[in-house]
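Each remark here refers to the structure printed beneath this line.
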Amino acid sequence: EVAEARLTSVAPDTLTLGQVFTTYFRLKALVLSPEWRQLAETRRKLFEEAWGRDKIVQDVSQTDVDLYVRLRRVGELAPDWGGRKLKGVRDGTLAHDFSWLSSVFNWAKRHKVNGRRMLHDNPLHDTTWPREKNPRRPVASHQRFVATLEHVDAVDPEGRLRSILSLLRYTGRRLGAG
């Protein structure tokens, strides 16, 4: 384990998923918030369960991505949160999983061990994974809008907030929509 953690004399073309994760969590995870660290650990377990710790990172291909997507969509691969397993996931969750893994691989491209980069390139750059086409966004009811307007003058007596909320409500836009 010590040798694996230090990644002594491991060539980038034989680097395994387990070795990348071990080094990432030993060095990078220290600066993550506890919530992000827990989320990263959950995703690490999912990818290791789907592909195995001994998967050579440079061998990750579209076939591996498709396998992970299929297993997650049908619920065969899901985090175990207190004995409760989730059912299948949507494209947005899959996109977040792969974005995280890609960021780990990008970190490994920039990280050097014994003067050599851990990875030469990110194997996920040659793959495609699902993207959420119709993200779920919260919709406020008319009753909530009216209740908010009843208290808006206490927050902004000049009426700017009331104008913005009314404009958003009657044009159907979201506050962050560009």
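The values are calculated or read from the model by the stated rules, or taken from the named source; none is laboratory data. The model shown is predicted, which means the values in this text are computed figures rather than measured ones. Backbone-built Cβ (ideal geometry, glycine too); neighbour counts: all protein chains shown. SASA here: full protein model, heavy atoms, side chains in, ligands and nucleic acids out. Shrake-Rupley method; radii C 1.70, N 1.55, O 1.52, S 1.80 Å.
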Checklist outcome for this item: Going through the stretch 109-131 in order, the residues found to be in a loop (DSSP other than H, G, I, E, B) and either of a type in the set (S, T, N, Q) or touching a His at 6+ places or on another chain (Cβ under 9 Å) (or both) are 114, 118, 119, 122, 127, 128
Item to check | Output for the stretch 49-80, where each listed residue is open to solvent by 30 Å² or more (accessible area, probe 1.4 Å) and either of a type in the set (D, E, K, R) or touching a Lys or Arg at 6+ places or on another chain (Cβ under 6 Å) (or both) | outcome: 49, 53, 54, 55, 59, 66, 70, 73, 76, 80
Item to check | Close pairs (8 angstrom Cβ cut-off, 6 or more residues apart or separate chains): closer than 22 Å to residue 132 by Cα and of a type outside the set (Lys, Arg) in the stretch 78-90, open to solvent by less than 100 Å² (accessible area, probe 1.4 Å) and modelled with pLDDT under 85 anywhere | outcome: 78/86; 79/86
Checklist entry - From the residues in the stretch 132-148 that are open to solvent by less than 50 Å² (accessible area, probe 1.4 Å) and outside any loop (DSSP other than H, G, I, E, B), which one is nearest to residue 23 (Cα to Cα)? => result 145
Item to check | Neighbours by Cβ (under 7 Å, 6+ apart or cross-chain): first from the stretch 149-171, within 19 Å of residue 139 (Cβ to Cβ) and open to solvent by less than 80 Å² (accessible area, probe 1.4 Å); second at pLDDT below 90 and not in a helix (DSSP H, G or I) | outcome: 168/175
Checklist entry - Would the stretch 22-38 turn up any residue that is farther than 23 Å from residue 126 by Cα, of a type outside the set (Lys, Arg) and open to solvent by less than 20 Å² (accessible area, probe 1.4 Å)? => result yes
